Amino acid sequence: MLKTIISMVAIISLSFGDTKLAIDNKYLMCTNASLATDKTEYDEKYIILFYACANKNDEENKTIVGLVSHIVLKYVFGKKLYDREDNIVKTIKHIDKAVSIVSFVKDNPFLDGELYDKLYPSVSNGSIKSKLSINKILYEDGSHVDINTSK
């Protein structure tokens, strides 16, 4: 399961693999996307998704408090490995320069064939095809923005 440990901030659509991308729209600016493998000091393996986003709403006091995101991870030939929509809670004030977003998939060394095992070859060699979309941005004042993106 892909877990969000810091959270995500709204973007329209982001694709990554071995390419770093920047997204800039009237709601948010997101940069430095990367998907990579790593391990902890205790040799626990994981795959990490990282990027940074900033709140760009025209109203300076408009604080983001949540979003609905959708992520798809595919083999280079198009077979889906992961396809999920998540509700994410994160506070992003207009004055924040950028907020780091980190999600990860942990390896369970006792079970073969789990998500980490399926993703690792494509992530480690940079051939994974990925897309992250934000379908809704929720604000502190109760308002929201529905964003129509293709899945």
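Throughout, read-outs are computed from the coordinates displayed, never taken from laboratory work. Please read these numbers as outputs of a predicted model, since none were measured by experiment. Here Cβ is always computed from backbone atoms with ideal geometry, including for glycine, and neighbour counts include all displayed protein chains.
What the table shows:
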read-out	value
Globularity ratio of the range 56-151, using Cα Rg and 2.2 N^0.38 Å	1.33
Length added when fully stretched, Lys93-Asn32, from 0.36 nm per residue minus Cα-Cα	20.0 nm
Stretchable slack from Glu85 to Ser124, in nm (0.36 nm times residue separation minus alpha-carbon distance)	11.6 nm
Net charge, Val68 excluded, C-beta distance under 11 Å - Lys, Arg +1, Asp, Glu -1	-2
